[in-house]
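Working notes, beginning with the structure itself.
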């Protein structure tokens with residue numbers, strides 16, 4: 001048999017095999033299920049999107065990444081894991097974006113991941129794992145209508161987070177706008193640091209950090225507020241002595 005005939009025969013066999021695979025009923029998706037419990041993305045909406053892929057050919061799903069493309073509009077999803085429980089049964093596990101900071105916007109608590117994606121919990125109970133997340137109140141003044149904040153706003157938030165966490169590591173922090181140009185930082189839920197505007201924060205926190213590092217535990221527990229608005233000075237008030 002000549003080389004040309006061998007190539008034709010091989011191509012014919014390949015096409016025949018593909019035809020068999022394409023028509024094999026066991027290679028059409030019968031079940032596709034979500035095996036994770038998402039916190040941010042709407043579970044019913046994801047399940048509805050996955051249901052629309054039932055009846056698709058397995059090879060088509062794999063070759064054309066149909067599952068990934070179907071779930072791409074859900075910005076809360078960072079990645080997903082796809083596995084087969086049988087030839088025509090698929091399981092999908094969602095890996096959601098991790099909260100980085102939180103903010104109160106128009107009375108609603110939202111979370112933002114380190115890439116600037118906006119996340120909101122789809123249940124009323126906030127997991128305790130978010131208790132140590134930096135909270136901003138007043139830095140975002142308008143309701144967020146997009147899935148992602150602007151790069152400039154994200155850069156500003158990262159600057160503040162890096163600064164405050166560098167000076168005050170391992171503490172609960174809340175930065176709050178009191179008036180248009182008047183801010184305060186609440187640490188450990190009970191000590192207010194009056195900042196005025198947000199200028200010269202390095203100098204202010206050098207003084208604040210030096211003062212806090214020289215406090216006894218008892219004095220820190222009784223500390224009410226620190227006023228850093230006066231140049232080169234701190235005014236301190238204790239709740240009780």
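Of all residue pairs spaced 6 or more apart or on separate chains, none has beta-carbon atoms under 7 Å together with a first member in the stretch 198-212 that is in the same structural domain as residue 227 (by TED's automatic domain parsing) and on the phi > 0 side of the Ramachandran plot and a second member that is at pLDDT below 90 and not in a helix (DSSP H, G or I).
Sub-8 Å Cβ pairs linking a first residue in the stretch 223-241 that is in the same structural domain as residue 213 (by TED's automatic domain parsing) to a second residue that is at pLDDT below 85 and assigned to a loop (DSSP other than H, G, I, E, B), at least 6 apart or interchain, are 223/239; 224/239, ordered by first then second residue.
Scanning the stretch 26-65 for residues that are surrounded by fewer than 16 Cβ atoms within 10 Å (Cβ to Cβ) and assigned to a loop (DSSP other than H, G, I, E, B) yields a count of 9.
Does residue 222 satisfy the criteria of being more than 26 Å from residue 104 (Cβ to Cβ) and touching a helix residue (DSSP H, G or I) at 6+ places or on another chain (Cβ under 9 Å)? Against the criterion (more than 26 Å from residue 104 (Cβ to Cβ) and touching a helix residue (DSSP H, G or I) at 6+ places or on another chain (Cβ under 9 Å)), residue 222 does not qualify.
How many residues does the stretch 66-87 contain that are crowded, with 19+ Cβ neighbours inside 10 Å and either under 16 Å from the mean Cα position of the chain (by Cα) or assigned to a loop (DSSP other than H, G, I, E, B) (or both)? The total comes to 2. Picking from residues in the stretch 128-175 that are touching a residue at least 60 places away in the same chain (Cβ under 8 Å) and not in a loop (DSSP other than H, G, I, E, B), the one that is farthest from the chain's Cα centre (by Cα) is 161. Among the residues in the stretch 174-182, are any in contact with a helix residue (DSSP H, G or I) (Cβ under 9 Å, 6 or more places away or on another chain) and either more than 22 Å from residue 108 (Cβ to Cβ) or surrounded by fewer than 18 Cβ atoms within 10 Å (Cβ to Cβ) (or both)? No, because not a single residue in the stretch 174-182 is in contact with a helix residue (DSSP H, G or I) (Cβ under 9 Å, 6 or more places away or on another chain) and either more than 22 Å from residue 108 (Cβ to Cβ) or surrounded by fewer than 18 Cβ atoms within 10 Å (Cβ to Cβ) (or both).
When the stretch 27-43 is filtered for residues that are within 14 Å of residue 93 (Cα to Cα) and free of Cβ contacts under 8 Å to residues at least 60 places away in the same chain, the ones remaining, listed by number, are 33, 35, 36, 37.
The values are calculated or read from the model by the stated rules, or taken from the named source; none is laboratory data. For clarity, every value in this text was computed on a predicted model and none was experimentally measured. No Cβ is skipped: glycine too gets one built from the backbone with ideal geometry, and neighbour counts run over all protein chains shown.
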